[in-house]
Every structure is written in structure tokens, then in C-alpha cells.
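First comes the structure, then the notes that go with it.
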Amino acid sequence: MSILVVDDNPMNVMVVREMLNRSGYEDVQIAYSADEMFDILRSDNLGAQAPTSINLILLDLMMPGMDAIEACALLQKDERLRDIPVIMVTAIGDSRKLAEALDAGASDYVTKPINKIELLARIRSALRLKSELDWHKERDRRLHEELSLARQVQEAVMPNDVDGDNLRVQAFFRASEGLAGDLYSWHALDSKHYLIAIMDAMGHGISSSLISMFTASVLHEAMRTTVTPKRIVHELNRRLLQLQYENEMVQYYCTGICAWIDLENGIIEYVNAGHPPGLITRGDGGTQQLYATAPPIGMFEQMDVQMETASIRTGDVLHLFTDGLLDLFPGDMEQRIEQLTGTILEAGGDHKALESLLVQESLDRRPDDRCLVRVEVKKTHR
């Protein structure tokens with residue numbers, strides 16, 4: 001436990017050091033000015049992000065050169081030093097200066113002549129708070145590392161882009177936070193038949209990302225054992241409803257689109273479960289939207305799922321996206337969809353133009369996951 005005493009008066013330093021030593025605080029360092037204090041604080045050689053070894057500063061309010069108010073302000077600007085508790089040592093009558101120092105970042109104060117019992121009590125209180133703060137910072141650091149690993153795992157299960165003779169599939173994706181609630185997946189039965197899905201778990205952060213990862217696992221399994229989007233959506237619904245939540249008032253669900261692309265017959269069979277409409281841009285300039293055909297997944301045990309069919313031809317492009325992209329545009333839902341459609345048509349196959357949608361700031365400035373899957377039909381066989 002290291003305490004740094006900062007005072008330009010050697011007699012005051014000697015008295016305080018003796019009080020601390022007699023009370024069991026043996027690691028007491030001395031500085032006779034604020035500049036010397038910063039030299040000591042920055043001499044640990046632990047790196048720019050490492051914490052200093054000093055646990056507490058006793059800082060005299062009135063010193064020549066840099067005063068305590070300026071010193072406190074500089075401590076607050078340094079990420080390594082801002083969490084060190086500072087106890088001001090002040091003479092009675094310096095109340096205005098003391099108030100400025102407390103506003104600048106000092107955590108407590110004692111008055112001269114120093115009362116030993118009062119000083120030790122304030123030191124214990126400050127060190128206790130510092131210990132709790134360090135514990136929370138360490139916990140946050142470990143949580144950040146774990147979330148970073150989880151993010152890598154989450155990204156690892158996302159499929160790579162496809163560029164085959166008949167079909168090109170590209171994904172454009174950005175998570176709003178450390179983890180994402182959006183996901184996409186596809187599975188090729190052969191060069192002419194593909195299953196493609198995009199999902200959006202309710203909410204943000206850890207809870208929605210866990211639901212997303214669970215959904216991704218179920219989706220991967222269902223795509224390899226089930227061909228029709230209708231049966232896949234029913235299986236996702238069944239598995240999500242099996243999850244048990246401690247809070248009965250909370251129910252997690254997903255929206256999504258699952259599509260079966262049959263290049264041999266030139267058709268798409270799809271289910272849209274409460275998701276923003278998919279968009280087919282035709283090679284001749286026309287468009288077709290794939291509207292909702294079912295409620296969101298995970299809300300109802302008895303789920304009425306309708307599967308619809310659309311034609312697909314050489315030169316057509318299917319776009320599936322999550323609602324994070326709609327937040328870039330003003331107006332009601334139809335107006336935002338229309339504006340996003342126009343932006344997609346203008347971008348065409350320009351990779352950079354589509355990627356730019358992921359980094360634009362939303363109108364409400366609230367972060368949200370953003371995902372766009374672009375499926376370009378190179379060749380049908382009908």
C-alpha cells in the first residue's frame with residue numbers, strides 16, 4: 001500500500017510521514033512540489049495503459065508553482081492516474097480553494113493542524129473505495145476480454161462469401177456493440193440449389209447475441225437436414241420456445257427470412273417471419289419485395305407459416321437486410337424501405353458503396369447491428 005505525500009513544507013512532511021508509519025503505512029513516498037509528484041507517478045515504467053503503484057495522494061492545497069487545483073485537473077486528464085484518490089490537506093479558511101480542488105477531482109480533505117484519527121479514517125475510506133474501484137475495473141477488463149473472444153467465435157461461425165459459376169453471395173456486416181444479434185447463413189445442396197437465411201434477434205448486447213448464436217446453431221443444423229424454408233422456420237420456432245427464462249415477463253424472439261433458391265427451375269421459395277421485406281432487383285430494372293408471410297420466430301407455439309414463391313432469372317439480385325439499415329433514413333417504414341431500395345439500386349454491385357451503409361450514423365444516433373446479404377444470380381438453367 002503506497003501513499004504519496006505532496007507538501008513543500010519539510011516539517012509537515014515529517015509529521016505526516018511519522019503518523020502514517022506509526023499506523024502501519026510503511027510505503028510512504030515524498031514529493032515537495034506538484035511537478036515532483038508527477039515525476040514520481042510517471043516513473044513506474046509500466047507502460048501508458050498500466051496503473052501506477054501509488055494508491056493514495058495526500059496533497060497540500062497551497063503550494064508554489066503548480067497549485068493543487070491545476071494538479072488535480074491534470075490527474076483527471078491522465079487515464080493511468082485519474083482513479084488515484086486525492087485527499088487535500090488544507091488550512092481552515094481556504095474553503096473556496098478547497099471547493100475548486102474538489103470540483104477538479106479531489107476526493108476528500110483534512111484540515112491543518114492534522115488530527116491523526118481523522119486523517120487515518122479518511123485514508124481508510126479512500127483506500128476502501130479505491131480497492132472497490134480497482135475490483136470493478138479488473139472485472140470490466142476480464143469481461144471485455146471474454147466478450148472479445150465471444151465476438152471472434154461469433155464471427156467464425158458466419159459463412160464465407162460464395163462465388164460460384166451460377167451464384168455469388170456476399171455479406172456486409174457490422175455489429176453495433178461487442179457482440180451482435182444479427183446473423184446470416186447459407187448452405188449449398190449443389191451448384192443449383194441453395195438455402196439462404198438472415199436473422200435478427202430482439203434487443204442488443206449479450207442477451208440478443210446469445211440468442212443469435214443459439215439460433216445460428218439450430219439454423220445450421222436445420223439447413224443440413226431440412227430443405228424447405230417453412231420446415232426450417234417451424235424448427236427454429238420450436239427450439240426457441242424450449243428456452244427457459246428466469247424473468248417470465250421477458251420473451252426473446254427473432255425475425256428473419258429463409259429462402260430456397262432453385263436455379264434449375266428459376267424460382268425462390270421463401271418465408272419472411274416478421275422481417276423487413278427482402279428485395280429482388282431485376283436485371284431489366286424492375287424490383288420485387290418479399291413481404292412478411294409469418295409472425296416472428298419464438299413468440300407463438302402454434303405458428304402460422306406461409307411460404308411464397310418468386311421467379312428468379314439470370315442477372316437478378318436478391319438483397320436481404322436487417323432493420324439497422326432502415327434507421328439511416330427518415331420517414332415511416334414504407335418510406336425508409338423505398339429510400340434504402342433506391343440506395344441499393346444506385347450502388348449496384350459496388351462493394352465500397354454497400355460497405356459505406358454499415359458505417360453511416362443512424363438518424364436517431366442509437367447503435368444497431370447492420371447486415372446486408374447480396375445474392376447475385378449469374379445463371380439459371382430454365
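Cα convex hull of the chain: mean projected area in nm², to one decimal?
Details: hull surface 103.7 nm².
Its average projected convex-hull area is 25.9 nm².
Give me the accessible area of Thr287, 1.4 Å probe, in Å² rounded to the nearest 10.
It works out to around 70 Å².
For the chain, the longest stretch holding no GluC sites (Glu not before Pro) located in a DSSP loop with at most 11 other Cβ atoms within 10 Å is which? Intermediate results must be reported in sequence, preceding the final value.
Working: sites that count: Glu26, Glu79, Glu246, Glu248, Glu301, Glu361.
Counting at most 11 other Cβ atoms within 10 Å as exposed, the longest clean stretch of the chain is 80-245.
Shape call for region 1-141 from the C-alpha gyration tensor, a ≥ b ≥ c root eigenvalues: rounded (a/c under 1.5), prolate (a/b greater than b/c) or oblate?
On the way: a/c = 1.44, a/b = 1.27, b/c = 1.13.
Here region 1-141 falls in the rounded category.
In whole percent, and with a 1.4 Å probe on the protein chains, what portion of the accessible area of region 89-186 is carbon and sulfur? Mind dumping the intermediate values first?
Values: 2950 of 5810 Å².
It is 51 percent, rounded to a whole number.
Over the Cα atoms of region 271-316, how large are the radius of gyration and the largest Cα-Cα distance (Dmax), in Å?
Just the Cα atoms of region 271-316 yield Rg and Dmax of 13.2, 42 Å.
Need one word for region 279-382: rounded, prolate or oblate. Basis is the Cα gyration tensor (sqrt eigenvalues a ≥ b ≥ c); a/c below 1.5 gives rounded, then a/b vs b/c decides. Before the final figure, lay out each step's value.
Values: a/c = 1.97, a/b = 1.05, b/c = 1.89.
It comes out oblate by the Cα gyration axes.
Name the residue from Gly93, Leu59, Val5 whose Cα lies farthest towards the positive end of the charge dipole of region 1-117, charges +1 on Cβ of Lys and Arg and -1 on Cβ of Asp and Glu.
Gly93
Report the one residue of Phe172, Ile337, Ile69 whose Cα lies farthest in the direction of the positive end of the charge dipole of the chain (charges on C-beta: Lys and Arg +1, Asp and Glu -1; origin at the Cα centre).
Phe172
Between Met66 and Ala150, what is the spin-label point distance in nm, taking each point 7 Å from the Cα along the Cα→C-beta axis?
4.1
For the chain, give the magnitude of the charge dipole about the Cα centre (Cβ charges: +1 Lys/Arg, -1 Asp/Glu; no others), in debye to the nearest 20.
Values: 38 positive and 59 negative charges, 114 e Å.
Here the size comes out at about 540 debye.
Would you mind working out the accessible area per residue for the chain, using a 1.4 Å probe, and quoting it in Å²? Intermediate results must be reported in sequence, preceding the final value.
Values: 19390 Å² over 382 residues.
With the other protein chains kept in place, the chain gives 51 Å² per residue.
For region 322-353 and region 65-139, compute the distance between their C-alpha centroids and round to whole Å.
Region 322-353 and region 65-139 have Cα centres spaced 52 Å from each other.
About the Cα centre of region 205-300, what is the dipole size in debye to 20, counting +1 per Lys and Arg Cβ and -1 per Asp and Glu Cβ, all else neutral?
Working: 6 positive and 8 negative charges, 13 e Å.
The dipole of region 205-300 has a size of about 60 debye.
Could you pull out the longest piece of the chain with no exposed loop chymotrypsin sites (Phe, Trp or Tyr not before Pro) in it, calling a site exposed if DSSP puts it outside H, G, I, E, B and it has at most 13 other Cβ atoms within 10 Å? Could the numbers behind the result be given before it?
Values: sites that count: Tyr245, Tyr291, Phe300.
The longest uninterrupted stretch comes out as 1-244.
For region 20-147, give the magnitude of the charge dipole about the Cα centre (Cβ charges: +1 Lys/Arg, -1 Asp/Glu; no others), in debye to the nearest 20.
Numbers: 17 positive and 23 negative charges, 88 e Å.
Approximately 420 debye in magnitude.
What is region 278-338's relative contact order, in percent, from Cα pairs under 8 angstrom and six or more apart in sequence?
Details: 55 pairs, mean separation 21.4, N = 61.
Once divided by the residue count of region 278-338, the mean separation gives 35 percent.
Farthest toward the dipole's positive end in the chain, which of Val162, Ile232, Gly324, given Cβ charges of +1 (Lys, Arg) and -1 (Asp, Glu) about the Cα centre?
Ile232
Classify region 109-175 from the C-alpha gyration tensor, please: rounded if a/c falls under 1.5, else prolate or oblate depending on whether a/b exceeds b/c. Don't jump to the answer; show the numbers that get you there.
Working: a/c = 13.21, a/b = 5.59, b/c = 2.36.
Prolate shape, in that a/c is at least 1.5 and a/b is the bigger ratio.
Ignoring any ligand, DNA or RNA, what whole percent of the accessible area of region 233-382 comes from carbon and sulfur when the probe is 1.4 angstrom? Present the calculation step by step, with values, prior to reporting the outcome.
Working: 3360 of 7450 Å².
Here carbon and sulfur together make up 45 percent of the probe-accessible area.
Quick check on my link table: of Lys116/Lys137; Lys352/Lys378; Lys230/Lys379; Lys230/Lys378, which ones sit more than 28 Å apart, alpha carbon to alpha carbon? Walk me through the intermediate numbers first.
Values: Lys116/Lys137 31 Å; Lys352/Lys378 21 Å; Lys230/Lys379 26 Å; Lys230/Lys378 26 Å.
Correct reply: Lys116/Lys137.
Using all Cα-Cα distances in region 138-197, what percent lands in each 5 angstrom bin from 0 up to the longest?
Result, from short to long distances: 4, 15, 23, 17, 13, 11, 8, 5, 3, 2, 0 percent.
The values are calculated or read from the model by the stated rules, or taken from the named source; none is laboratory data. What you see is a predicted model; the values in this text were computed from it and never measured. With ideal geometry, Cβ positions are generated from the backbone for all residues, glycine too; neighbour counts draw on all protein chains shown. These accessible areas exclude ligands, DNA and RNA; they are computed on the full protein's heavy atoms, side chains included. Shrake-Rupley method; radii C 1.70, N 1.55, O 1.52, S 1.80 Å.
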